[in-house]
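The values are calculated or read from the model by the stated rules, or taken from the named source; none is laboratory data. Bear in mind that the values here come from a model prediction, so they are computed numbers and not experimental data. Every residue, glycine among them, receives a Cβ derived from its backbone with ideal geometry; neighbour counts consider all protein chains shown. With ligands, DNA and RNA removed, areas are computed over all heavy atoms of the protein, side chains included. Shrake-Rupley method; radii C 1.70, N 1.55, O 1.52, S 1.80 Å.
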Amino acid sequence: MDFGVENSRETSDSRESGTADLKGITEITADAEAQRPTWSGRLEFILSTVGYAVGLGNVWRFPYLCYNSGGGAFLIPYLTMVFVCGIPLLFMEFTVGQYTRLGPVHAFAKICPLLKGVGLATVVISFVFCTYYNVLMSWALYYLFNSFGMETLPWKSCNNTWNAVGNCSSGFPGNDTHLQSASQQFFDNRLLEKTRGIEELGGLRWELFGCLVFAWVIVYLCIFKGVKSTGKVVYFTAVFPYFILFALLINNVQLPGAKNGILYFVTPVWSKLFEVKVWLNAAAQVFNSLGIAFGSMISMASYNKFNNNILRDALIVSVANSFTSILAGFVIFSAVGYMSHIHNLPVDNIATDGAGLVFVVYPEVLSTMPVFQLWAPLFFIMLLCLGVDSQFGTVEVAVTYIKDEFGVKVLPFLKREELLVLAVCFVCFALGIPHITKGGIYVFQLMDHYTAVVSLVLLAFFEVVAICWIFGIPRISLMIRRMLGKSPNIYFRVCWLLLCPMLVLCILVSSIIQYTPPHYGKYEYPVWAEWVGWGVSLVSIVWIPFGAIQEIYNNKGSLLQRLKTAMTPTIDLNVMAHLPEKQNRDNLASEKLLSSVPPLTQ
């Protein structure tokens, strides 16, 4: 296959031509670097990407998945997937963003015109995601406000107006299925005022409406100046949760029963290693946790300086993400073990995953802790920080796309970039209002199922195909060499060529085979709601075939010629042909010059 990269020749003509090209490229992109803002420092980019990757899923998804998939034995497939899938794919997305200095839409249009729809699909899925993800922040704020100024936490007792008479237990009901815990009734009847199904949305929950407004105000104030403001905020939002997690862990391990909960979490069940599902779960957890295919990592990397060490950053983000997941597991299960001791119930009866873990189980744990007046607010502030960081990244994808695509038209009209960010936040807020109706939990669950489960995996597969197979490993290696001064080693090249595409394909096939209709508890969605869910999925992935059809239609020649043209990237990498290989190896000055060459895409 012709990758558009000619063999280098060690001749004086090529040296002169290469030097001239390098000078030309430097001059061309000097203005572009000045026009596009950059992170004030490397630490800001690292903290922003760590904050984006480390979210609520690390707290409510990983611990239960680990416990349910073999305990300590699950760490073997999990860490294996981190190294063969997580780190290489994150490095790949950083490379695309930093080299092109563009958001995902324009980056994919230049890398693989045939699958340029992948870039727009990542923007759409991130936009859909941020319309409902901030609802979780409104819940966290509601719990936070209810944690102050009370002798007992409101979800501890059954003596409240929202509790069902004769159907409430001040602890966990265990095998008594007709009872509900007080914390569950607070979540259902006080926070949500839940109806019987999506058919009955009911009226607005005005308290949640106010919390949602507050949550979006926080997001806006953190990102309205772009990377300049986000880079400062993450010093707190990305670091503070670790102080709380360590403080909770120190407190929890001193509670009675904590040891049993931790043993439940880490005790290896070696037989689980022979189950294919466990390995696929590990790959999916790594994949989703790092935020691959949302476009956020590409967008944030596009604000880097051209020679920033993205390999180091990818390693730091991946390690921090995995460490946080494991740390959260110890925090959660030490508390679950404490609750099993207090109520004399097996850990199985208490452990759960999803929103129920942080909004039902853990609030119940907090209500029985010594000095709960301190731990409860700190826990919900931690949730707020974890969620807000992830929200930054998804909103930034939409803002970056609008600036790259319509900046010349939109910014003069809005006068200031702050108004553009405000407009994006307002639209996302308005689209999130259905989730805070009394039947909003059913809307939320439906959106999450078809966005985070169905669309994302399919989108990720096409992203990997576009970059790893069509664009090709030689081109990716060349981009990295221009930025870092050296090509990626054989480990990354093998992962990109074989392991990552095959793993993503396995996850996709497994998701299709194991597909189950959405449900919330025992509630089954009506058929029309499932069709709405599939419509939500199509809103993002439909751009992939549309983009391919448009590209082939606009090209000239026979169908085969049009297809070949559509698979040819428009990024000019031929300048590298003028640099002799020996010079690149032996001359340190040339390597420094090479690493400082800005991209040709501006």
Mind telling me which of the residues Lys156, Lys228 ends up being part of a helix (DSSP H, G or I) and of a type outside the set (A, V, I, L, M)?
Lys228
If you check Glu405 against the conditions, is it farther than 22 Å from Trp216 by Cβ, modelled with pLDDT under 90, assigned to a helix (DSSP H, G or I) and over 22 Å from the mean Cα position of the chain (by Cα)?
yes
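Between Thr122, Thr131, which is at pLDDT 90 or above, in a helix (DSSP H, G or I) and farther than 24 Å from Gly439 by Cα?
Details: Thr131 fails: farther than 24 Å from Gly439 by Cα.
Of the residues listed, the single one that is at pLDDT 90 or above, in a helix (DSSP H, G or I) and farther than 24 Å from Gly439 by Cα is Thr122.
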The one condition His449 fails out of (1) at pLDDT 90 or above; (2) farther than 14 Å from Met92 by Cβ is (1)
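Given Leu357, Leu386, Leu345, which one is more than 18 Å from the chain's Cα centre (by Cα) and not in a loop (DSSP other than H, G, I, E, B)? Before the answer, list the steps.
Numbers: Leu386 fails: more than 18 Å from the chain's Cα centre (by Cα); Leu345 fails: not in a loop (DSSP other than H, G, I, E, B).
None of the other options fit; the residue is Leu357.
Please note which helices (runs of 4 or more DSSP H) are completely contained in the range 535-602 and include at least 2 residues that are under 27 Å from Asp404 (Cα atoms) and modelled with pLDDT under 90. Step through it out loud before you land on a result.
On the way: elements: 543-554, 559-566, 581-586, 588-595.
In the range 535-602, 588-595 are the helices (runs of 4 or more DSSP H) which contain 2 or more residues that are under 27 Å from Asp404 (Cα atoms) and modelled with pLDDT under 90.
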Within the range 362-383, the count of residues that are in a helix (DSSP H, G or I), open to solvent by 10 Å² or more (accessible area, probe 1.4 Å) and either aliphatic (A, V, I, L, M) or under 24 Å from Arg36 (Cα atoms) (or both) comes to 3
Can you name the residue in the range 518-571 that is under 30 Å from Gln445 (Cα atoms) and among the acidic types (Asp, Glu) and, of all such residues, is surrounded by the most Cβ atoms within 10 Å (Cβ to Cβ)?
Glu530
So which pairs qualify, if the first residue must be in the range 154-165 and in contact (Cβ under 8 Å) with a residue 40 or more places away in the chain, the second must be open to solvent by 40 Å² or more (accessible area, probe 1.4 Å) and not polar (S, T, N, Q), the Cβ gap must be under 8 Å, and the two must be at least 6 apart or on different chains?
Trp155/Arg190
On the given criteria, is Val234 of a type in the set (A, V, I, L, M), buried (at least 16 other Cβ atoms within 10 Å of the Cβ) and either free of Cβ contacts under 8 Å to residues at least 24 places away in the same chain or closer than 22 Å to Cys66 by Cβ (or both)?
no
With the first residue restricted to the range 413-426 and required to be modelled with pLDDT under 90, and the second required to be small (Gly, Ala, Ser) and open to solvent by 40 Å² or more (accessible area, probe 1.4 Å), Cβ contacts under 9 Å at 6 or more apart or on different chains are Leu414/Ala423
Quick one: how many residues across the range 177-203 are within 25 Å of Cys158 (Cα to Cα) and touching a helix residue (DSSP H, G or I) at 6+ places or on another chain (Cβ under 7 Å)?
8
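Which residues, taken from the range 12-71, are modelled with pLDDT under 50 and open to solvent by less than 20 Å² (accessible area, probe 1.4 Å)?
Kept after step one, since they are modelled with pLDDT under 50, are these residues of the range 12-71: 12-34.
Hits for the range 12-71 are Ser14, Gly18, Leu22, Ile25, Thr29, Ala32.
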Please specify each residue of the range 323-353 satisfying the condition of being open to solvent by 20 Å² or more (accessible area, probe 1.4 Å), polar (S, T, N, Q) and in contact (Cβ under 8 Å) with a residue 24 or more places away in the chain.
Asn349, Thr352
Quick check on my filter: what residues within the range 431-471 are over 24 Å from the mean Cα position of the chain (by Cα) and surrounded by fewer than 21 Cβ atoms within 10 Å (Cβ to Cβ)?
Lys438, Ile470
Are any of the residues in the range 395-403 among the acidic types (Asp, Glu), under 16 Å from Val128 (Cα atoms) and either in contact (Cβ under 8 Å) with a residue 40 or more places away in the chain or in contact with a Ser or Thr (Cβ under 7 Å, 6 or more places away or on another chain) (or both)?
yes
Just name the residue that is surrounded by the fewest Cβ atoms within 10 Å (Cβ to Cβ) out of those in the range 78-95 that are touching a Leu at 6+ places or on another chain (Cβ under 7 Å) and not small (Gly, Ala, Ser).
Val84
Cβ contacts < 6 Å: first residue outside any helix (DSSP H, G or I), restricted to the range 472-490; second residue modelled with pLDDT under 95 and open to solvent by 40 Å² or more (accessible area, probe 1.4 Å), any location; separation 6+ or different chain. Result?
Gly472/Phe3; Gly485/Glu591
By my count, helices (runs of 4 or more DSSP H) wholly in the range 237-312 with at least 1 residues that are open to solvent by 30 Å² or more (accessible area, probe 1.4 Å) and in contact with a Lys or Arg (Cβ under 9 Å, 6 or more places away or on another chain) are 276-289
Please verify whether Arg482 is open to solvent by 60 Å² or more (accessible area, probe 1.4 Å) and out of contact with any Asp or Glu (no Cβ under 8 Å at 6 or more places or on another chain), treating the condition exactly as stated.
no
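Before we move on, is Glu418 open to solvent by less than 40 Å² (accessible area, probe 1.4 Å) and either in a helix (DSSP H, G or I) or of a type in the set (Val, Ile, Thr) (or both)? Explain how you work it out, then say what you get.
On the way: open to solvent by less than 40 Å² (accessible area, probe 1.4 Å): yes; either in a helix (DSSP H, G or I) or of a type in the set (Val, Ile, Thr) (or both): yes.
So Glu418 passes the test.
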